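The values are calculated or read from the model by the stated rules, or taken from the named source; none is laboratory data. The model shown is predicted, which means the values in this text are computed figures rather than measured ones. Here the Cβ positions follow ideal geometry from the backbone for every residue, glycine too, while neighbour counts run over all protein chains shown.
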Amino acid sequence: MNPSELAWQASVMALCCYLASSWILGAQPQSEVFYKTETLPIPDGVVLEAGGLQWMGDDTLAVSTRLGDIYMVQGALETDLANIQFQPFASGLHEVLGLARQGDWLYCIQRCELTRMKDEDGDGRADLFETVSDGWGITGDYHEYAFSSKFDADGSIWVVLCLTGSFTSEIDYRGWCLRIDAEGNMIPTCSGIRSPGGIGMNPLGDMFYTDNQGVWNGTCGLKHLKPGGFMGNPSGNRWYELTNAMGPRPQEPTSGSRMHLEADKIPELVPTAVYFPYNKMGQSASGIICDQTEGGFGPFQGQMLVCDQTHSTVMRVDLEQVNGVYQGACFPFLSGYDSGNLSVEFAPDGSLFVGGTDRGWGARGGKPYALQRTRWTGETPFEIHSMKALPQGFELTFTQPVDPESARQTESYQLQSYTYIYQSSYGSPEVDGSQPAITAIEVSDDGLKVRLIIDQLQIGHVHELKCVGIQSAQDAHKLINNQAYYTLNEIPRELL
Amino acid sequence: MFFDATDPLQTKLIKPLRLRFMFIGSALIMWLGFSLPATAGDTLTRMAARGGHLGSVLGETMLRELSCFACHQGAKTLLPRIAPKRGPLLGANGRSLTPQSMEHLLLHPSATGQSRLMPDLFHAFEADEKEAIAEALTHYLASIQEDPFSDTTAADASTMLRGRNLYHQVGCVACHGAHQGPKELSKPELPEPNAWYDGNDPADTLISLEPLEARMSVSALTRYLQEPSATFPSAHAPSMKLNAGEARSVAMYLLRGQAAGMFGSKNTVQKTRGIKWHYVEFQNGSNDEDQVVQDLKAHWPGTNPPSLSAPVASGIAEDVSDRWKQRQENMALIFSGFIRIPSRGEYSFYTASDDGSRLYVNGQLVVNNDGDHATQEKGGSLVLEAGDHPIKITYYNRGGPAELKVSLSGPGLDKQNIPSEWLFHLGQPMKPTYDKAFELDLTKASQGKAWFQKLACASCHQVDQMEPAVASNILQNGAITVEDGCLAPSPMEGLPRYALSVSERDAIATALNHLHETPKPWSVDQQLEMHLLQLQCDACHERGGQGGPSPTMREFFTSIGETDLGDEGRIPPHLTGVGRKLKPSWMKQVIEEGASVRPYMATRMPSFGKAHASVLTDFFLDQDRKPSPSQGDQVREASLEESKYGRKLVGATGMGCIACHTFGQFGSLGIPALDLTTMADRLEEDWFKAYLVDPQSLRPGTRMPSFWPSGQSVNQDILAGDTDRQIQAIWSYLKLADETNPPEGLVQGQKEIKATSEAIMYRNFIEGAGARAIGVGYPEHVNLAFDANQLRAAMIWQGAFMDGARHSNGRGQGFEPPLGHNLFMLPEGPPFAFSVFPEEMLWPDKSGKEADYGFKGYWLDSQRRPKFMYRFLAMDVEDYWMAIPGELDASFRRFLQFDSKAHYTNLWMRAATGTTIEEHGADAFLIDKRVIMSFELDTDKRPVIQISPNHQALLVPIDLQHGKASITQEIKW
């Protein structure tokens, strides 16, 4: 075969491949059909490593940055983003990773304190800065981050504090969650935090934060800040000596154990509500927001959206309380953001705003910083809507009716379970793996629900389910994302 | 030499193995009687424990370990498999062991531990005969080696602690076990000699270190640790790449039993030869509590000593010179001890140094050669009585070349270096512990030499110029049982007796019986696995799911500094598929020299030497590259055009690899992950490309994210998002990459933060103002930093405000100092205190929250100048700073308003501290001849200068009237 023949053959092959792939693509809609992400143009000189987002009325978005600036952004909801305006509101603050608003006051968290500020002289810039609480310490280690929530129903702001460094807590309350009430009183609320990446509430007003893989954290996870709870990392437990608000210091966990086994022994230990399996879902869990758009952002009202900084993604989390303990499933959702997603907030019109930075922690997006807007197009994606635990299995709900034939096949599902070593050293591989058998499948008449009856659910395990064979009833489409990862802390009791 | 069949001794010692010897039960019982507790592990137990699945291969390896074929003859074709390991060298080039311990080992062969590889040669001799031979051998060996008692090492706890840390960090523990738990290791307390950590792996999987303090000197063990193969060519112990100082530290630590006085009541500190030296580096964050630093500071030329490190190294030297320095610049040495003057007279001392030095005798400064200068010599004289006199030499070099020479002259003594035999220090000498004295007897030594030859000791122990002996007898196939020959629990007279367990005997017998049946070649797998087991690679590295440190052992694998690299920063990499990963040239370099690219890992890759490197590399290639042989490095040259795309992809605007990876001399913008400039030299192209697409598949658990998830590039802008082309471009760039062409975005310049038309604020970690600093730059080019933790104005300076680069690059770690000039530090600690007699008061230490201060915030005026608001007890403070332009430079005016709910009296503000504070007009003061402070007070009370021995302080009254007071303070340079 001479070179020209070779080239010809190669191009025929390439053409065939192209035709084959475009045929498949033609049938299977891509995620852009459902969610459209646009990038806000950022003026020169503005380094918008967005750490906190807060709406100030219907058209102004306050954005705080890691470099300590706060901008008021106008025009972020316009169809044409070209006319967007950035107004400096404050500057020189210390790494602002959370914003909240109350009346004229804009609250912000700095590494060292919760601050509120307002513009008294009406020149568009804040001039009065008041320290609301500084009841924790700071030594000067760059790990000493602080993240703050929005106001809860009682008017409190919750603050989660990273350790001093990766492993230790060298000064007051590093590795704790503190609540600052409306009067500025500080209430120690949870211990056991390692390295938070975001904090937010579910629709019931319960508070959650993301904690990152490291010591005593096998992988990243979403954790429930249950007042009085110990979130699992004992590095900061010496600070029980500073407060009576939390009772006695909990028993030290045994390194090398499993979290659910230790939770049986240590009543204060709140098991991770949802694990984000390392690399499969992400590598640095960060900002949290609850979808309360009443359908403005698609069919996921009430679910939590959680960012991953490394993967530049937004994951979806469906939580439930079983036997009083939070648990649930996470699903891949939105991806392809420009930088490392850190902050996230819904706009009054139901658009999702995502801010990112990759400084110091690389991210897939590759851009040093970005602020982006994602809007639902009105088309419903074919997704696993939710996954709930049953006494003997799981119930899946889909966003569209499934083809019952495909849903009844055992081969349509791949199920495995695993957990993580709960240990004082860094991270953990997936361990104790099993492949629980699906023994029965029930499909609801409307095709929206599928019950999987499973032999031997594994307590304390992530149940990784891939619905590889599921097709939609209408177009025989595959799922946009077929994976679900359910963290099973508790098995629901049989209803009598 | 070959054995002479007519020599009666030979027939006594070596009998053909055809002898039948009935095994009797009592012999077994006898054997078990001196079989040893399972606490001491050695090569054989470890192999059995970790390599049980290797079957007959294991038995063959034991033949090597026991050096069976040093005496027996075997088929040449089998030699590589059964080649004897042999023991350590003896004599002048060998180990220098105490005669007493050699004699003891000969008479009481060890039944456990590594020493049991040495058999009992005299078990059949009568006791007196046995003792005579052992004694003669001992005298012979002692006559040809260095005297281990001639060592002049002095015990030093800080050196031992350094040795302890090295022992537990660099990797010794992986094979020999820990002496303390990870928690104890953070404390400066040495473990008792022979201490054993409870969390160690089972002893039979470790090679127990036998008590060494009776056997060798610190210098002999130091030599061994530096290069084990020099005195024990076939030792499995690799070189841990310890430098001379490190090896000495570890040796001193392991032999700490020789410094019994340090652990018990027996204090035997005495004057010992040599002068003590400490080596110190200048740096920030000095440990002022350290005695040596204090000492050096006390003798520092000038009034302003730099910050010094704790001693980086210390030791005992025979002369005074700069040779103990570890770097050229910003370092100092201090020597201290005694000089033993032989006779009364006038002595002159000289130092020739670059930069400064001082020499003291009897606490008196004799030579003052202070200051920064090129080499210059200065001298001084004094009359000294015969006897010992304390001597101290301090020396430093700030920049440029460094040199120190010290000499003296005296009665009948020309100018020369201080004779080494004149120098002493106080210290506990470390000598091998053996109560029994030994006096060399040359007659016995010559008898011993004859015995050494007769007993064929040289078969295993090479001694200078003595040829190794080889026995002529052949091991017969199929006739070997554990009941006769050397394998018998109680062998016949003349045969060596080995302390072996029943299963070890069985394994060896099985191997021997199969050895001559058409020997089945070992598979590469078996050879490789056996080799890894012998070198104990499995103690640190996992391969194919086997080996790697156990969970408790992992605790001893640490990172240097805080790298935030997780386990990848501390656990040595796995070796699964390493033959596909590493280029053979690099793999050889790693095994042979211990080449390493992970500077953050405390555990060191040892160097195993050329032979192992070449064999292991071949095995790895052979095993890992089947069945799909690698394409190897593409022949194609890296294209320059392609590499430009690669550079972009690696840089900040591409995939941002530099967010985590270092690049030659350039640190990354985040964690110090592997240096990108080493990639193309180390890695196979195929592996690299597969790794980029799916790092987890090749390195489970890695923190390296994929930027091409499922093969799809996350960057669609460069090379049209084509995965293959992007990865090829990165490879091309890395092949050409050097430090002259770093990726985009890596080299960051200064980012000056400027106040232009209004004041600007910078809240961050500011050096001198704490972790909660508030920097304020004024457009008049004066600047202020307020410490919101201590609630004090911390410092002021002129000119440029701050460099924002540190905190806006990477993770922004560390404290940034002010950028401008004329920095003036304001008092540290709390700003306010109560006193009736301010002139004599002791200013309190407690500050901030601890002393009931609280930060309340600030208000910014129309020019963004802050009025700080804070609280002390029930008193609110407003602290408002303005810059006042001047003809030459600007100054500060500060308005302090106090508003108290409680009535406080005798309240003072400390406005300044300094070496000198002088009155400078009405209510005006000159601080350290640099800054003038003046005050307007709303009271008749006046400021007070408080004078104490070390410093002066300026105290200003806060005279509350109806709860209010004010102070206006002006500060001019």
* Would you please list the contacts, defined by Cβ atoms under 6 Å and residues six or more apart or on different chains, that run from a residue in segment A:41-53 that is within 14 Å of chain B (Cβ to nearest Cβ) and buried (at least 18 other Cβ atoms within 10 Å of the Cβ) to a residue that is part of a loop (DSSP other than H, G, I, E, B) and among the aliphatic types (A, V, I, L, M)? => A:Leu48/A:Ile42; A:Gly51/A:Val96; A:Gly51/A:Leu97
* Just a yes or no: is a residue in segment A:99-107 within 11 Å of chain B (Cβ to nearest Cβ) and either over 20 Å from A:Gly57 (Cα atoms) or in a strand (DSSP E or B) (or both)? -> no
* Taking B:Gly775, is it assigned to a strand (DSSP E or B) and within 14 Å of chain A (Cβ to nearest Cβ)? -> yes
* To do: For segment B:857-875, indicate whether the set of residues that are in a strand (DSSP E or B) and either polar (S, T, N, Q) or more than 14 Å from chain A (Cβ to nearest Cβ) (or both) is non-empty.
  => yes
* Give the residue that is surrounded by the most Cβ atoms within 10 Å (Cβ to Cβ), with candidates limited to residues of segment B:167-223 that are of a type in the set (Val, Ile, Thr) and farther than 19 Å from B:Thr603 by Cα. => B:Val218
* Asked: Can you spot a residue in segment B:502-515 that is in a loop (DSSP other than H, G, I, E, B) and either buried (at least 17 other Cβ atoms within 10 Å of the Cβ) or modelled with pLDDT under 85 (or both)?
  -> no
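Results for (1) closer than 24 Å to B:Gly775 by Cα; (2) assigned by TED's automatic domain parsing to the domain that holds B:Phe832; (3) surrounded by 16 or more Cβ atoms within 10 Å (Cβ to Cβ); (4) free of Cβ contacts under 8 Å to residues at least 60 places away in the same chain, shown as yes or no for each residue.
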residue	(1), (2), (3), (4)
B:Asp879	yes, yes, yes, no
B:Tyr904	no, yes, yes, no
B:Thr913	yes, yes, yes, no
B:Gly963	no, yes, no, no
* Hey, among the residues in segment A:196-217 that are surrounded by 24 or more Cβ atoms within 10 Å (Cβ to Cβ) and among the small types (Gly, Ala, Ser), which one's farthest from A:Ser284 (Cα to Cα)? -> A:Gly198
* Selection within segment B:443-460 - within 18 Å of B:Arg497 (Cβ to Cβ) and either among the aromatic types (Phe, Trp, Tyr) or assigned to a loop (DSSP other than H, G, I, E, B) (or both) -> B:Trp451, B:Leu455, B:Ala456, B:Cys460
* From B:Glu936, B:Glu878, grab the single residue that is more than 29 Å from A:Ile171 (Cβ to Cβ) and in a strand (DSSP E or B). => B:Glu936
* **Residue tally, condition at pLDDT below 90 and either touching a helix residue (DSSP H, G or I) at 6+ places or on another chain (Cβ under 6 Å) or on the phi > 0 side of the Ramachandran plot (or both), over segment B:707-734** => 1
* To do: Could you tell me whether segment A:486-493 includes any residue that is away from every other protein chain (no Cβ under 14 Å), farther than 30 Å from B:Thr558 by Cα and among the polar types (S, T, N, Q)?
  => yes
* Quick one: B:Gly814 ticks every box in (1) within 12 Å of another protein chain (Cβ to nearest Cβ); (2) modelled with pLDDT of 95 or more; (3) surrounded by fewer than 18 Cβ atoms within 10 Å (Cβ to Cβ) except a single one, so which number is it? => (2)
* Asked: Residue check, B:Gly745 against (1) within 14 Å of chain A (Cβ to nearest Cβ); (2) surrounded by fewer than 20 Cβ atoms within 10 Å (Cβ to Cβ); (3) assigned to a helix (DSSP H, G or I), all met but one. Which one?
  -> (3)
* Asked: Residues of segment B:673-699 being within 12 Å of another protein chain (Cβ to nearest Cβ) and in contact with a strand residue (DSSP E or B) (Cβ under 9 Å, 6 or more places away or on another chain), which ones?
  -> B:Ala673, B:Gln696
* **Residue list for segment B:752-772, filter: within 23 Å of A:Phe89 (Cβ to Cβ), crowded, with 18+ Cβ neighbours inside 10 Å and more than 10 Å from chain A (Cβ to nearest Cβ)** => B:Ala755
* Asked: Do you know which of the residues in segment A:391-434 that are touching a helix residue (DSSP H, G or I) at 6+ places or on another chain (Cβ under 8 Å) and within 14 Å of chain B (Cβ to nearest Cβ) is nearest to A:Tyr275 (Cα to Cα)?
  -> A:Tyr420
* To do: Could you tell me whether B:Leu842 is over 39 Å from the mean Cα position of the chain (by Cα), away from chain A (no Cβ under 14 Å) and without any contact (Cβ under 8 Å) to a residue 60 or more places away in the chain?
  => yes
* Asked: Condition test on B:Gln716, is it within 12 Å of another protein chain (Cβ to nearest Cβ) and assigned to a helix (DSSP H, G or I)?
  -> no
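The rows are residues; the columns are (1) in a helix (DSSP H, G or I); (2) touching a strand residue (DSSP E or B) at 6+ places or on another chain (Cβ under 6 Å); (3) of a type in the set (Ser, Thr, Tyr).
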| site | (1), (2), (3) |
| --- | --- |
| B:Ser158 | yes, no, yes |
| B:Val173 | yes, no, no |
| B:Ala178 | no, no, no |
| B:Glu189 | no, no, no |
| B:Tyr197 | no, no, yes |
| B:Leu212 | no, no, no |
| B:Ala220 | yes, no, no |
| B:Arg223 | yes, no, no |
* Asked: How many of the residues in segment B:533-576 are assigned to a helix (DSSP H, G or I), within 14 Å of chain A (Cβ to nearest Cβ) and farther than 24 Å from B:Ser697 by Cβ?
  -> 3
* To do: Can you give me the number of residues within segment B:830-856 that are part of a loop (DSSP other than H, G, I, E, B) and among the charged types (D, E, K, R)?
  => 3
* Consider B:Trp731 carefully, then state whether it is crowded, with 21+ Cβ neighbours inside 10 Å, in a helix (DSSP H, G or I) and away from chain A (no Cβ under 14 Å). => yes
* Asked: Out of curiosity, is A:Lys265 surrounded by fewer than 22 Cβ atoms within 10 Å (Cβ to Cβ), more than 26 Å from A:Glu144 (Cα to Cα) and free of Cβ contacts under 8 Å to residues at least 24 places away in the same chain?
  -> yes
* Asked: For A:Ser255, which of the numbered conditions (1) in contact with a Ser or Thr (Cβ under 8 Å, 6 or more places away or on another chain); (2) assigned to a loop (DSSP other than H, G, I, E, B); (3) away from chain B (no Cβ under 14 Å) fails to hold?
  -> (3)
* **Every pair of residues 6+ apart whose Cβ atoms lie under 8 Å, when the first sits in segment B:783-797 and is assigned to a strand (DSSP E or B) while the second is crowded, with 24+ Cβ neighbours inside 10 Å and among the basic types (Lys, Arg)** => B:Phe786/B:Arg792; B:Asp787/B:Arg772
* To do: Answer yes if at least one residue in segment B:790-804 is at pLDDT below 95, closer than 24 Å to A:Thr164 by Cβ, within 13 Å of chain A (Cβ to nearest Cβ) and surrounded by fewer than 18 Cβ atoms within 10 Å (Cβ to Cβ), and no otherwise.
  => no
